[in-house]
Amino acid sequence: MIRKPVGPNEMIYDPERDAVHILNPTAQLVAELHRQGLGAEAIAGELRARFHVEGEDTVLEDVRACLQGLAEQKLADKG
């Protein structure tokens, strides 16, 4: 994988699949925390704290969807 910043986003080129992916800053943070070994619940807690999310929210559901998308595109490696 080749990673390059593009404005606030991150472009990832996967030469094996000849595919380009663009991660927004939140997806980048989710991917980075996942690479550090955090699970979906811990990542959701970190996002709630960083973005001051209060009350009922869908953060955990959103994190799980993001992780699933990253895994499907083979971008969720922990290495």
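Readers should treat all values here as calculations from the given coordinates under stated rules, not as data from a laboratory. Just so it is clear, the structure is predicted and the values come from calculations on it, not from any experiment. Neighbour counts are summed over all protein chains in view; Cβ atoms, including those assigned to glycine, are modelled from backbone coordinates with ideal geometry.
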Exercise. Would you pick out the residues in the stretch 8-23 that are surrounded by 13 or more Cβ atoms within 10 Å (Cβ to Cβ), out of contact with any Phe, Trp or Tyr (no Cβ under 9 Å at 6 or more places or on another chain) and not hydroxyl-bearing (S, T, Y)?
Worked result: N9, E10, M11, I12, D14, L23
Seminar exercise, completed: Scanning the stretch 46-79 residue by residue, the ones that are among the small types (G, A, S) and in a loop (DSSP other than H, G, I, E, B) total 3
Exercise. Are any of the residues in the stretch 33-45 closer than 17 Å to Q73 by Cβ, of a type in the set (D, E, K, R) and surrounded by fewer than 16 Cβ atoms within 10 Å (Cβ to Cβ)?
Worked result: yes
For this session: Identify all residues within the stretch 32-45 that are part of a helix (DSSP H, G or I) and either among the hydroxyl-bearing types (S, T, Y) or under 28 Å from A19 (Cβ atoms) (or both); write none if there are none.
Result: E32, L33, H34, R35, A40, I43, A44
